[in-house]
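For reference, the structure discussed in these notes is given below.
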Amino acid sequence: MSTKDYLEKDYYAVLGVPKTATAEEIKKAYRKLARQYHPDANQGNKETEEKFKDVSEAYDILSDTKRRKEYDEARTLFGSGLGGYPGGGGASRGGGGFAFDLGDLFGGTQQGAGERIGDLFGGLFNRGGTAPRTGGTTTRARRGQDVESEVTLSFTQAVQGTTVSLRLTSSAACTACGGTGAKAGTTPRVCPTCEGTGAASRNLGNFAFSEPCRDCKGRGLLVDDPCPVCEGSGRGKSTRTIQARIPAGVADGQRIKIKGKGAPGENGGPAGDLYVQVHVKPHPVFGRTGENLTVTVPVTFAEAALGAEIKVPILKGLPVTLRIPEGTPNGRTFRVRGRGVTRKDGTKGDLLATVEVLVPQHLEDKARSALEEFRDATAGGDPRADLIQQARSE
Ligand SMILES: [Zn+2]
Ligand SMILES: [Zn+2]
C-alpha cells in the first residue's frame, strides 16, 4: 500500500459512517459489513473478498484512537490545508513531526517515509492544471472568471501610459475554509452514495442513465460541519487591489484586456482576464486625432505676415520652437514630428499645430498709426475683387 493510496482512501466511507462516528458506531458498522463480506459467506467471490479486505483495513485504523487521530490529521491537511503548504512544506511542518507521524503510521520509516511523502506532495503540486485529490475525488481545475472594471485617466496618462490601482471585487474560494465548504479544521468526506464520483447511475430496463448524485449534488463530497462564513458553499467574495499597467496611447471609450488579472482559478486552474473600460478626461490645451496630438497656436498678424519663430507647447517638457514662414495664412497646420501619442511599437505620432491669426482688440496710438501707414501702403489691391467678380459671373 502506497502512502498515496492511504491518503486517498476514505475509511469512513468504506465503513459507511460519518467522520464524527463514535468508537461504538465504528465497531457496529464494521461487524455488520464484516459479516456481509466475510469470505466464508461468499465462497470464491473476488469482489466481496476485496471489500472484506477494505473493511478490515478501515477498521484497523479507525478502531485505534491514535492511528485514527493521525489519519484524520493527515487528511485534514490534504483536504483543506493544501494551499497553506505549497511546495511540499507540509513534510517539514513541526520540525519533521508530520513526516515522522506518517512514517510511523505507514510502518515504513526504514524506507525513508519522509522522502516518499515529499514525492507525494511534489506529485500533487506539480500536476499542472489538475486538482489536488481529496479523499479519492478529483475536483476539476477551473479557470477564474473574467472581471470587468473601469478607470478614468487624465489626458496625459492616456497618451503616455500609466499604472493604476484598481479595486476589484470578484467571487473566489471562501478564505475561511479554502473553498472546501467545511468548517476550518474539518474536511469534507467522500460521499458514500456515489463513492466520490459525484455521479449516480440509474437503470431503466435496458438503459443506464448517469445523473448527478442526489446526496452530494454531484460534488462527490459531503460536508458534515459547514463553514460558517460561506454556509458550506465554499464560495466567497474577494476584494483585491491590483496594479494594472495601462499601455500608452489608449483612447477614451477603449476597453483593454489585461491577461491573468481576473478572478483566480480554482483547483490549479488559470486566472481569468481583467477588462478595463477606459475613460479619458479632455485636456485644456491638446486634442487628439488617433496617434497625433493637436493644438491651436495663436499668432499675431505680423508674425503670420513676416514669418517668425514661435514657441509651441508640447504635452510633456519644454515648448518647442516652430518656424512659421513669411505669409502664413490663418488656419495653416504645421507638423511637429515625434511629439504625439506613443504607438504600440514605441514610436510616436506627431503634434499638429494649427495657427490662428489674432486680430488686436485694442490698439495703442503708435500701433494704430503704424497700421494706418500699412493700410495706405497696401491700398492698391482689393482682396474681395475676385470674389465679387466670380459672384456676378455665375
Ligand atoms: Zn467557507
Ligand atoms: Zn454523492
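The values are calculated or read from the model by the stated rules, or taken from the named source; none is laboratory data. Because the structure is a prediction, the values reported are computed rather than measured. Ligands, DNA and RNA are stripped out before the accessible areas are found, and what is left, the full protein with its side chains, is counted by its heavy atoms. Shrake-Rupley method; radii C 1.70, N 1.55, O 1.52, S 1.80 Å.
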Share, in percent, of DSSP beta bridges within region 287-393 that are antiparallel, nearest 5: 60 percent
Could you tell me whether region 149-219 comes out rounded, prolate or oblate from its Cα gyration tensor? Rule is a ≥ b ≥ c as square roots of the eigenvalues, rounded for a/c under 1.5, then prolate if a/b exceeds b/c, otherwise oblate. oblate
May I ask you to list the lysines whose Cα is less than 23 Å away from that of K257, ignoring any residue fewer than eight positions away on the same chain? K237, K281, K344, K348
By a straight-distance test (C-alpha under 27 Å), which lysines pair with K9 as possible cross-link partners, with residues fewer than eight away in the same chain excluded? K19, K27, K28, K32, K46, K51, K53, K66, K69, K183, K217
What percentage of the solvent-accessible surface of region 287-393, computed with a 1.4 Å probe over protein heavy atoms, is contributed by carbon and sulfur atoms? 52 percent
Solvent-accessible area per residue for region 287-393 at a 1.4 Å probe radius, Å²? 72 Å²
For region 287-393, just the Cα set please: Rg and Dmax, both in angstrom. 18.5, 56
